[in-house]
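Below: the structure, in structure tokens.
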Amino acid sequence: MKLAIIGTGYVGLITGACFAEFGYETICIDKDEKRVNELNNSKCPFFEPGIEDLLNKHLNKTKLLSFSSSLSNSISNADIIFITVGTPSKRIEGEADLSYVWNVADEISKNINKYCVIVTKSTVPVGTTREVQNIISKKIHEENFDIVSNPEFLREGSAINDFTRPDRVVIGCENKKSEEIMRELYKPLNLIDTQIVVTSIETSEIIKYASNSFLATKISFINQVANLCEKVGADIQDVAQGMGIDKRIGAKFLDAGPGYGGSCFPKDVKAFINTADKNDIDLSILSAVDKFNDGRVVEITNKIISKSNLKKGDSIALLGLSFKPNTDDIRDSTSLKIAKTLNDMNIKIQSYDPVAMKNAKEENPFLVLCSNAYEACNNAKVIIIGTEWNEFRALDFKKINKKKNKLYIFDLRNIYSPKELKELGFDYFGTGK
Ligand SMILES: NC(=O)c1ccc[n+]([C@@H]2O[C@H](COP(=O)([O-])OP(=O)(O)OC[C@H]3O[C@@H](n4cnc5c(N)ncnc54)[C@H](O)[C@@H]3O)[C@@H](O)[C@H]2O)c1
């Protein structure tokens, strides 16, 4: 089976490399020539654990993987073509910007000359895959292609494992022929008994948005309960533990913090609300989730400023810049939102992140980059732990507060014990404690 993947972002590249690992001849296409050149030299354009090894193996040894910037030269032999381009938010009304998907659909329609299955793997609002079908059928007879929705559930930071050991694979299709081809494609996962959920195209599209929206809802819910805990002297981590043991609830996504960020949840929640609005459906639960999350980072920033009495000219240490650990993705990073507000107050932001500093500095030139967490903490009045990278979990705080000064620490991810840090002279603030 020959595969073509259009878009080599986090999803496209992982999809391509993992399908090559499954043994398929795979070509990945991106319109960004610089990116394609880098990839052809085994250089990954972003940080993701394990991806460079897979690239090296399948580009140079098995030669199952190749990259091209020319869509027209690359898709005609493919049995399955995946659309994995971005679907960012139009921001104002929250609608997904589908212009990249429409462009690709149009390009595909001009460049296929044998039967193939065309798959939307990008996260797309319900109705999009049908519209892709309409665009292609303007040039290609409907017997000569099938359309499938196969949303992706991988998480940055653990993307290879998520792709190769998924909880489930969702396939939205409309006939047996395309279902069989997709089942054959995912056959390597039979070994680990992965559930394949076959649905209609519309259902598949909704599954993706409903899943991300539900996870986002858990996060906003636990953050609201965290605020209540702070007020009444309860501990959100103990509350979450007590809740999460209940199998009906589950322990995941019950970590209080500065709100959800990243390249998916914020935009997907807004797009799902937009879809409901357009269909006159009350999804006000999700509107509340979204509104609270938008305000969450402001609330947290205000707490930092007021509790530590931060003023113009002060310095802070900001540990962690990416939106979560194990990635250099800074899209909608809460740490950077906090940094921008503090920079506007003329506060010096001494920052450190294991891999995201280059990306962060490009968009936020005001950041003072440090070579490690300790350097970032030098002469800082406040330390903010913004991302729970492993290397921030066992910092030597005696080294940081040698003089036992009054130093503030805002542990937005609750990775430290308040008691221990208070004993070391810190004014410690966790989240929901
Ligand atoms: N990032 C994630 O963790 C994640 C997880 C699951 C689903 N998704 C969804 O997958 C989709 C892709 O996300 P991403 O994070 O990989 O995006 P991304 O922005 O990292 O990558 C998109 C890539 O598509 C390329 N592209 C755009 N138009 C093109 C065209 N006409 N021809 C060829 N290449 C083109 C861009 O150059 C870019 O490299 C989105 O819909 C997203 O919501 C993302």
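Quick look at the values:
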{"quantity": "The one condition in (1) surrounded by fewer than 23 Cβ atoms within 10 Å (Cβ to Cβ); (2) closer than 20 Å to Pro188 by Cβ that Leu65 fails to fulfil", "calculated": "(1)"}
{"quantity": "Residues (in contact with a helix residue (DSSP H, G or I) (Cβ under 6 Å, 6 or more places away or on another chain), of a type in the set (S, T, N, Q) and farther than 20 Å from Ser89 by Cβ) located in the stretch 323-342", "calculated": "Thr341"}
{"quantity": "Tally, over the stretch 212-238, of residues that are within 14 Å of Phe265 (Cβ to Cβ) and either at pLDDT below 95 or among the basic types (Lys, Arg) (or both)", "calculated": "1"}
{"quantity": "Among (1) surrounded by fewer than 19 Cβ atoms within 10 Å (Cβ to Cβ); (2) within 16 Å of the ligand (Cβ to nearest atom), the one test that Lys270 misses", "calculated": "(1)"}
{"quantity": "First in the stretch 19-42 and hydroxyl-bearing (Ser, Thr, Tyr), second anywhere and part of a helix (DSSP H, G or I), Cβ under 7 Å, 6 or more apart", "calculated": "Thr26/Gly16; Thr26/Phe19; Thr26/Ala20; Ser42/Glu52; Ser42/Leu55; Ser42/Asn56; Ser42/Leu59; Ser42/Asn60"}
{"quantity": "Residue under evaluation Lys90, criteria (1) among the basic types (Lys, Arg); (2) under 22 Å from Ile112 (Cβ atoms); (3) more than 12 Å from the ligand (Cβ to nearest atom), criterion not met", "calculated": "(2)"}
{"quantity": "Given (1) in contact with a Ser or Thr (Cβ under 6 Å, 6 or more places away or on another chain); (2) over 21 Å from Thr203 (Cβ atoms); (3) outside any loop (DSSP other than H, G, I, E, B), number of the condition Val148 does not satisfy", "calculated": "(2)"}
{"quantity": "Scope the stretch 151-202; condition loosely packed, with under 12 Cβ neighbours inside 10 Å and either of a type outside the set (D, E, K, R) or within 18 Å of Thr84 (Cβ to Cβ) (or both); matching residues", "calculated": "Asn175, Asn190, Leu191, Ile192, Gln195"}
{"quantity": "Of all residues making up the stretch 129-145, the number that are within 29 Å of the chain's Cα centre (by Cα) and in a strand (DSSP E or B)", "calculated": "0"}
{"quantity": "Qualifying residues in the stretch 227-264 (those that are closer than 25 Å to Ile304 by Cβ and of a type in the set (Asp, Glu)) - the one surrounded by the most Cβ atoms within 10 Å (Cβ to Cβ)", "calculated": "Asp255"}
{"quantity": "Residues (of a type in the set (A, V, I, L, M, F, W, C) and closer than 30 Å to Glu52 by Cβ) located in the stretch 117-147", "calculated": "Val117, Ile118, Val119, Val124"}
{"quantity": "Residue that is farther than 29 Å from Lys110 by Cα and aliphatic (A, V, I, L, M), where the choices are Leu59, Leu39, Leu55", "calculated": "Leu55"}
{"quantity": "Pick from the stretch 23-37, criterion touching a Leu at 6+ places or on another chain (Cβ under 8 Å) and more than 8 Å from the ligand (Cβ to nearest atom), ranking: farthest from Thr120 (Cα to Cα)", "calculated": "Gly23"}
{"quantity": "Flag for Leu342 being hydrophobic (A, V, I, L, M, F, W, C), in the same structural domain as Leu421 (by TED's automatic domain parsing) and free of Cβ contacts under 8 Å to residues at least 24 places away in the same chain", "calculated": "no"}
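One line per residue, one yes/no per condition, for (1) away from the ligand (no atom under 13 Å from the Cβ); (2) surrounded by fewer than 19 Cβ atoms within 10 Å (Cβ to Cβ):
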| residue | (1), (2) |
| --- | --- |
| Leu39 | no, no |
| Lys61 | yes, yes |
| Asn73 | no, yes |
| Ile81 | no, no |
| Val85 | no, no |
| Asp106 | no, yes |
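Here's the yes/no breakdown for (1) within 22 Å of Gly295 (Cα to Cα); (2) touching a strand residue (DSSP E or B) at 6+ places or on another chain (Cβ under 6 Å); (3) assigned to a helix (DSSP H, G or I); (4) among the small types (Gly, Ala, Ser):
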{"site": "Ile207", "(1), (2), (3), (4)": "no, yes, yes, no"}
{"site": "Asn212", "(1), (2), (3), (4)": "yes, no, yes, no"}
{"site": "Thr217", "(1), (2), (3), (4)": "yes, no, yes, no"}
{"site": "Gly242", "(1), (2), (3), (4)": "no, no, yes, yes"}
{"site": "Arg248", "(1), (2), (3), (4)": "no, no, no, no"}
{"site": "Lys252", "(1), (2), (3), (4)": "no, no, no, no"}
{"site": "Gly259", "(1), (2), (3), (4)": "yes, no, no, yes"}
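The values are calculated or read from the model by the stated rules, or taken from the named source; none is laboratory data. Computed from a predicted model, the values in this text were never measured in an experiment. Using ideal geometry, Cβ is built from the backbone for each residue, glycine included, and neighbour counts are taken over all protein chains shown.
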